[in-house]
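See structure below.
The values are calculated or read from the model by the stated rules, or taken from the named source; none is laboratory data. The model shown is predicted, which means the values in this text are computed figures rather than measured ones. Backbone-built Cβ (ideal geometry, glycine too); neighbour counts: all protein chains shown. Ligands, DNA and RNA are excluded from the accessible area calculation, which covers all protein heavy atoms including side chains. Shrake-Rupley method; radii C 1.70, N 1.55, O 1.52, S 1.80 Å.
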Amino acid sequence: MDREQRRREKLYRSFKESLTDGGAPSVYDENDLLDIFDYANDVYDEYVQFEVILLAARLYPESEEMTQRRAYYMYGNLSMTEGAANLAAAHNQESALWTLLDLMVRHPSEDECRSVMQSILDRYSEFDDETAIQIVDACSDLGIFDWVVSHKEELKKRCAYPETLLYEMAMEADSKADYKLAAGFMEELTEREPFNASFWHMLAQLQVKTDNYSDALVSIDYALAVDADAAPYSLTKAQIMYDMKADKAKAVEIVEDVLKKEPGNKVAVHTLAAMYAFENRGSDAVSVLKGYLDSNPSDKEAIEHLLMLGDRESSMTALKRYFSGAFDENVDDWASWAKSFYNRDQYVQCADILRVLLDNYGNIPEWTPMLEGLYRSADYGIIVGLYRDVVLAADDASRLDLSVTDALIFVLSLIRCDQVMAAKNLIDIVSRLDSRDIFPFEKRLTAMKVCDILNAIGKTLAQGRVDIDSFDPFISRKG
């Protein structure tokens with residue numbers, strides 16, 4: 001990080017800290033506020049940007065540059081197109097920024113956009129960093145990013161700091177999944193600033209995306225040559241080495257070393273757990289995640305990783321602990337999370353999430369995914385326990401909103417647990433239901449098919465036979 005960047009970061013942090021005291025003091029000059037606003041934009045801190053706008057409006061109401069930033073903030077962050085247009089219409093000085101904002105507000109044809117961009121290029125001989133950033137953003141927003149690419153050299157000549165333009169172009173190309181183009185811009189950046197480790201790191205990441213692993217390894221080595229202690233660079237190198245299958249043992253060792261120095265490094269935890277899993281070291285992967293979750297119980301991604309490793313006891317412990325602290329998530333959030341596993345045919349993980357939800361809330365929006373997951377994992381005893389302890393114990397079982405499919409899973413599980421009489425009783429209850437009362441039509445058809453299966457099972461049980469596999473729809477039959 002260069003001296004100017006450190007100065008801007010210090011200003012930003014000082015301003016943000018002052019906000020906790022009830023309001024920012026009026027000791028900042030106009031340039032300070034511009035730097036704070038721009039740094040906050042770089043780190044996606046909309047709160048600080050908003051506070052800078054309020055303070056600048058009081059201290060420097062005539063500032064053209066702050067008015068421009070306010071207009072762009074209204075357009076890009078608040079979707080207040082009309083407000084941004086009004087500010088643009090009332091501006092005092094002509095500038096490329098106002099012209100760009102007018103373009104984005106009007107969104108004219110591509111031909112007109114290209115014509116206006118050319119007029120900006122012809123009219124203005126110097127572009128500051130903010131203008132360079134907005135040129136790239138505007139052209140992308142207007143669907144003419146190719147114009148920026150084809151006029152790159154002309155734009156660079158007008159930029160006070162051409163590196164800003166190249167960086168924005170690289171990021172935009174990356175967002176469009178044009179990784180080869182993005183890597184080209186980043187290569188140029190490394191040529192202009194060979195001692196900027198972050199540029200080398202970003203270049204390596206882009207080269208990976210183009211499957212250019214050998215060059216990516218060279219690039220990340222340059223980054224580490226500049227900053228040998230940067231954990232993100234070491235982790236990237238380890239991942240490249242592992243993916244190249246060049247020296248997997250060394251790659252694992254690098255990540256282990258990072259984690260020893262930084263036990264709370266989330267990226268290192270997930271990287272190492274994944275490497276262990278691929279190396280058939282599942283217990284080691286579980287151990288890494290469990291240790292991390294002891295200190296970071298609210299890390300949902302880590303819990304998902306643990307769920308996928310199949311250690312159900314550890315997963316259930318993590319889920320219960322997560323539930324106790326997940327105050328910002330409601331029942332629907334949990335159900336949606338579980339359903340995301342179900343939709344990927346990861347039934348067990350889905351079932352375990354819903355079990356924790358049921359234990360804590362007493363009900364869940366939909367029982368079938370949980371019961372199906374448990375049944376597919378042969379947890380028949382757990383299903384029977386749910387039937388006995390929740391369904392039969394309920395004052396009003398209708399409030400559980402169980403489906404006919406749920407009843408089938410209960411019946412199948414009861415039979416597999418040698419509780420045939422209980423299965424018969426449940427079949428009798430379901431047989432008294434009138435499928436014509438079930439809506440919508442698709443659910444009615446499903447219910448009719450399930451009832452046919454239950455009736456067939458009931459007849460078999462009445463004959464004293466328990467040939468459950470022949471009726472089980474969850475058993476795949478080949479040929």
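Looking at Lys320, is it open to solvent by 40 Å² or more (accessible area, probe 1.4 Å), under 22 Å from the mean Cα position of the chain (by Cα) and within 21 Å of Asp359 (Cβ to Cβ)? Before the answer, list the steps.
On the way: open to solvent by 40 Å² or more (accessible area, probe 1.4 Å): yes; under 22 Å from the mean Cα position of the chain (by Cα): no; within 21 Å of Asp359 (Cβ to Cβ): yes.
Here the answer is no, as Lys320 does not meet what is asked.
Quick check: anything in segment 334-344 open to solvent by less than 50 Å² (accessible area, probe 1.4 Å) and under 30 Å from Val420 (Cα atoms)? Outline the logic, then answer.
In the first step, residues of segment 334-344 are kept if they are open to solvent by less than 50 Å² (accessible area, probe 1.4 Å); the result is 334-335, 337-338, 340-341.
Add one more test, that the residue is under 30 Å from Val420 (Cα atoms), and what stays is none.
Taking every residue of segment 334-344 in turn, none turns out to be open to solvent by less than 50 Å² (accessible area, probe 1.4 Å) and under 30 Å from Val420 (Cα atoms).
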Next item on the list: Scan segment 419-466 residue by residue and report those that are more than 15 Å from Ser403 (Cα to Cα), open to solvent by 90 Å² or more (accessible area, probe 1.4 Å) and not in a helix (DSSP H, G or I).
Entry: Gln463, Arg465
Notebook entry, point to check: Any idea which of (1) open to solvent by 60 Å² or more (accessible area, probe 1.4 Å); (2) of a type outside the set (D, E, K, R); (3) part of a helix (DSSP H, G or I) is the one Val27 doesn't satisfy?
Noted result: (3)
Check: Taking segment 78-112, which residues are aliphatic (A, V, I, L, M) and either in contact with a strand residue (DSSP E or B) (Cβ under 6 Å, 6 or more places away or on another chain) or part of a loop (DSSP other than H, G, I, E, B) (or both)?
Finding: Leu78, Met80, Ala90
Checklist line | Within segment 193-284, helices (runs of 4 or more DSSP H) holding 3 or more residues that are within 22 Å of the chain's Cα centre (by Cα) and in contact (Cβ under 8 Å) with a residue 24 or more places away in the chain | finding: 197-209, 231-244, 266-278
Next item on the list: Scan segment 50-63 and report the pairs whose first residue is more than 15 Å from Lys16 (Cα to Cα) and whose second residue is open to solvent by less than 70 Å² (accessible area, probe 1.4 Å) and among the acidic types (Asp, Glu), with Cβ atoms within less than 7 Å and a gap of 6+ or a chain change.
Entry: Tyr60/Glu30; Ser63/Glu30
Margin query: Looking at segment 300-310, can you tell me whether even one residue there is open to solvent by less than 50 Å² (accessible area, probe 1.4 Å) and among the acidic types (Asp, Glu)?
Written below: no
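Could you look through segment 135-160, keep only residues that are touching a strand residue (DSSP E or B) at 6+ places or on another chain (Cβ under 9 Å) and not charged (D, E, K, R), and pick out the one that is surrounded by the fewest Cβ atoms within 10 Å (Cβ to Cβ)? I'd like the intermediate steps shown before the answer.
Restricting attention to segment 135-160, the residues satisfying the condition of being touching a strand residue (DSSP E or B) at 6+ places or on another chain (Cβ under 9 Å) are 135, 155, 158-160.
Next, from what is left, pick out any that are not charged (D, E, K, R): 135, 155, 159-160.
On the way: Ile135: 26, Leu155: 23, Cys159: 18, Ala160: 12.
Looking at the filtered set, the residue picked out is Ala160.
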Next item on the list: Considering every residue within segment 141-148, establish whether at least one is under 31 Å from the mean Cα position of the chain (by Cα) and under 27 Å from Gln5 (Cα atoms).
Entry: yes
Next item on the list: Only one of these is touching a residue at least 12 places away in the same chain (Cβ under 8 Å), touching a His at 6+ places or on another chain (Cβ under 8 Å) and more than 27 Å from Gln239 (Cα to Cα): Leu142, Leu155. Name it.
Entry: Leu142
Notebook entry, point to check: Of all residues in segment 394-425, how many are touching an Asp or Glu at 6+ places or on another chain (Cβ under 8 Å) and of a type in the set (Phe, Trp, Tyr)?
Noted result: 0
Note to self: Can you say whether Ile409 is crowded, with 16+ Cβ neighbours inside 10 Å, over 30 Å from Leu357 (Cα atoms) and β-branched (Val, Ile, Thr), as far as the supplied structure shows?
What the structure shows: no
